[in-house]
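Inspection log for the structure reproduced underneath, given as structure tokens.
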Amino acid sequence: MTDQPTTPVPLSSSVVAEAKRLRNARYALLAPGILTIFCIGIMPLSIVLVYSFLEPGDFGGVSWVLSFDAYVQLMFEEDIFDGTLSFTTDYMEIFMRSVSLALFTTVACLLVGFPTAYFIATQPPARRNAWLFLITIPFWTNLLIRTYAMLLILRDQGVINLSLIETGLIDSPIPMLYTDFAVCLGLVYAYLPFMVLPIFASLEKLDFRLVEASYDLYATRFKVLKRIIIPLAKPGIAAGCILVLIPSLGAFITPALLGGGKSLMLGNLIELQFGQARNWPFGSAIALVLMVMVMLSLIFYLRFGAKKGTPAHG
Amino acid sequence: MSKPTATAAIDIRETSKIYGNDRASGVVALDEVSLVIEDNEFFTLLGPSGCGKTTLLRLIAGFEQPTHGEIVLFGEHLEGLPPYKRPVNTVFQHYALFPHMTVAENISFGLEMLDKPASEISSVVKEVLGLVQMDHLADRKTDQLSGGQQQRVALARALAPKPKVLLLDEPLSALDFKLRKEMQVELKRLQNETGITFIFVTHDQEEALTMSDRVAVMRDGLILQVGTPSEIYDRPARRFVADFIGDINILKGSIVSRNGSRAKVKLEAGHEGEAGLPTNAESLGQEVSIAIRPEQLSFVTEAAAAHLSGAIEHISYFGSGFDYQILMPTGEKVMLQSQNRGGENLAFQLGDQVHIAISDNSMQILAD
């Protein structure tokens, strides 16, 4: 024993202080993330939410009067003269058209993107990067420019029609531009990398010894694809589909240019409300309804779709 | 070359596998190998890594095609058949269990691919689960299993379709020592119970000796010797085989006289005795290498009964016994292994002069 008196250590208080210090440090470190989410996520969304319950201002913007008109307008048409409401499917049709076109785009992207991703994933590692590089090159150019390029290819005097006429396969140009086909093609072109990259990422992790094992267990090529490769690539496929579906639903440059404004899509409708129509609350309401729809379908997918046969570690 | 018999499970005929363009610039993984594996045999391909044993297995499974030669399975030529059309199944080194399926789904996969009726599938799955003692874990995901359990599932999965031949590619190498011992017994039992021909690939000589009916020792794409474990161990034909399997003393000597498969040899260290002669004939008087296993040597007290003598240079203790390294007057060293029988061996110390007797019939002439 030493002669020195033992100083009482304020154990509990030091532990508390330490915990507090840690908590503060944690918040400090999280601050940039929280700030970012708040500024570019929560705040704009809140503005859109608030605006959708206001009345349109005369020259754009909003006037601060509580109103549910924006949501009523989605389903009902107001008679200009007596102000009575009658049910209308006009906007529903735009919704349905957008959803079906977006779904079609997603399926087309999947059909093209999966084989592409599989091809890249099975290349030797050195060559993989080159292929990925090629996939991402179009991204270096503005989407508008790329869409114009598409326009040049598809129009009546475009590359496809001219070469078909030159070779004598057809006499008059096939009308391709300003159709749903053109919009879909444009969307597939714009969003294909979003499909290829996540699928590639999950196929790259795939243990090809499993493929060998299933060949050994009497699985034909098709069965291997169906029972082993696709189920194991499912997280990538799901991510790719979500990444293509969501921007396709809201796309407006591509439908405007390649669809010729003939068939209005949600993105164009929203753009219209914030632009020429000067009805910001209605535009906000459409945007919110679109968002809720996407969220509901994602929740539905995660609840029911993901349970069945998805890898636990996916 | 042995003739294919009606019962031969696998008949490999002068089969080569060359990676690359040709023999000169490519890599010869398998060099004109001929081998007949009988039905219901536990056959082991033993050799160091890169000896071609896995290549041979992959050729049988159909993952690779031979460059030359042919492989016949129960009379059926396998040439050009993809893996999914061959009635053989593989247990892979890293199991390759399907991570998105349960144990039972893994096992039923092969049966489903063969379009077996559901009732048959469920009864077979039950049967093989019982066979590998995994009944209680049928609904687990495979990543929730221990290494040993995964090993059992991999075995069950490969056995479920009742293959004509089961290929095992170093399946025990990822297990720890104790589990490996257990699985060795287990594998042997499974082979007996199912009656399926097992072709087992390993680099572990002990594994090969304990389980196999016959062993083929391979090196550099060639099969050096085929035989029962005791033939391989007691009568190694080649220096490499003797060296690769167990510990061995290789002493210099010469052939005095020959009599069929036996020969009288004179060791440089002095002793004269009978030794086994490999098929490749050695001429009289020629200097040869003579192999003696360390456990075939024993200490004797009287110099008259001794075959060899020398001084103890090193003693190592390994629990169940002792290894003595003895330096002989010729400069050659021999290793003597003795069982631990409770201290009596400790009578010797470093530097002691000892006399050694060689057991009868324990010398073997080696070809290089």
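The values are calculated or read from the model by the stated rules, or taken from the named source; none is laboratory data. Owing to the predicted nature of the structure, the values given are computational and were not obtained by experimental measurement. Neighbour counts run over all protein chains shown; Cβ positions are idealised from the backbone, glycine included.
Quick look at the values:
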quantity: Lone qualifier among A:T136, A:T141, A:T179, A:T220 - being surrounded by fewer than 21 Cβ atoms within 10 Å (Cβ to Cβ) and within 14 Å of chain B (Cβ to nearest Cβ); calculated: A:T220
quantity: Residue under evaluation A:Q276, criteria (1) away from chain B (no Cβ under 11 Å); (2) in contact with a helix residue (DSSP H, G or I) (Cβ under 8 Å, 6 or more places away or on another chain), criterion not met; calculated: (2)
quantity: Residues of region B:192-209 classified as more than 16 Å from the chain's Cα centre (by Cα) and part of a helix (DSSP H, G or I), total; calculated: 3
quantity: Within region A:278-298, tally of residues that are surrounded by 18 or more Cβ atoms within 10 Å (Cβ to Cβ) and among the hydroxyl-bearing types (S, T, Y); calculated: 1
quantity: Among (1) assigned by TED's automatic domain parsing to the domain that holds A:K262; (2) in contact (Cβ under 8 Å) with a residue 24 or more places away in the chain - the single one A:Y71 does not satisfy; calculated: (1)
quantity: Residue match in region B:42-54 (condition: of a type outside the set (D, E), within 23 Å of B:T210 (Cα to Cα), in contact with a strand residue (DSSP E or B) (Cβ under 8 Å, 6 or more places away or on another chain) and assigned to a helix (DSSP H, G or I)); calculated: yes
quantity: Qualifying position, being aliphatic (A, V, I, L, M) and over 30 Å from the mean Cα position of the chain (by Cα), among A:L187, A:L164; calculated: A:L164
quantity: Residue that is nearest to B:S298 (Cα to Cα), among those in region B:246-275 that are assigned to a loop (DSSP other than H, G, I, E, B) and aliphatic (A, V, I, L, M); calculated: B:I248
quantity: One residue from B:Q349, B:Q339, B:Q325 being free of Cβ contacts under 8 Å to residues at least 40 places away in the same chain, surrounded by fewer than 12 Cβ atoms within 10 Å (Cβ to Cβ), under 14 Å from B:L297 (Cβ atoms) and not β-branched (V, I, T); calculated: B:Q339
quantity: Condition met for B:G270 (outside the structural domain of B:A29 (by TED's automatic domain parsing) and either basic (K, R) or touching a Lys or Arg at 6+ places or on another chain (Cβ under 9 Å) (or both)); calculated: no
quantity: Selected residue (only one of B:R189, B:R180, B:R214 is in contact with a Leu (Cβ under 6 Å, 6 or more places away or on another chain) and either at negative phi or surrounded by fewer than 21 Cβ atoms within 10 Å (Cβ to Cβ) (or both)); calculated: B:R180
quantity: In region A:189-217, residue surrounded by the fewest Cβ atoms within 10 Å (Cβ to Cβ) [restricted to those that are within 14 Å of another protein chain (Cβ to nearest Cβ) and of a type in the set (G, A, S)]; calculated: A:S202
quantity: A:L101 vs. criteria closer than 25 Å to A:S263 by Cβ and touching a Ser or Thr at 6+ places or on another chain (Cβ under 9 Å); calculated: yes
quantity: Yes/no for A:M92 being assigned by TED's automatic domain parsing to the domain that holds A:L264 and surrounded by 10 or more Cβ atoms within 10 Å (Cβ to Cβ); calculated: yes
quantity: Condition met for A:G240 (outside the structural domain of A:L45 (by TED's automatic domain parsing), in contact (Cβ under 8 Å) with a residue 12 or more places away in the chain and under 17 Å from A:E93 (Cα atoms)); calculated: no
quantity: Residue ID - surrounded by the fewest Cβ atoms within 10 Å (Cβ to Cβ), chosen from residues in region B:61-102 that are among the small types (G, A, S) and not in a strand (DSSP E or B); calculated: B:G80
quantity: Qualifying residue in region B:215-227 (condition: touching an Asp or Glu at 6+ places or on another chain (Cβ under 8 Å) and closer than 19 Å to B:L166 by Cβ); calculated: no
quantity: Matching strands (runs of 3 or more DSSP E) fully within region B:306-356 where at least 2 residues are of a type in the set (S, T, Y); calculated: B:308-317
quantity: Qualifying residue in region A:105-112 (condition: more than 18 Å from A:V196 (Cα to Cα) and either hydroxyl-bearing (S, T, Y) or at pLDDT below 90 (or both)); calculated: no
quantity: Every residue from region B:105-137 that is within 14 Å of chain A (Cβ to nearest Cβ), touching a residue at least 24 places away in the same chain (Cβ under 8 Å) and part of a helix (DSSP H, G or I); calculated: B:N106, B:I107, B:S108, B:F109, B:G110, B:L111, B:M113, B:V124, B:V125, B:V128
quantity: Filter result for the condition that a residue is aliphatic (A, V, I, L, M) and more than 13 Å from chain A (Cβ to nearest Cβ), over B:L81, B:L46, B:L97; calculated: B:L46
quantity: Residues located in region A:226-248, provided they are closer than 17 Å to A:D207 by Cβ and aliphatic (A, V, I, L, M); calculated: A:I228, A:I229, A:I230, A:L232, A:A233
quantity: Of all residues making up region B:138-182, the number that are within 11 Å of another protein chain (Cβ to nearest Cβ) and touching a Gly at 6+ places or on another chain (Cβ under 7 Å); calculated: 3
quantity: Hits in region A:223-239 (condition: within 7 Å of another protein chain (Cβ to nearest Cβ) and over 17 Å from A:T122 (Cβ atoms)); calculated: A:K223, A:P231
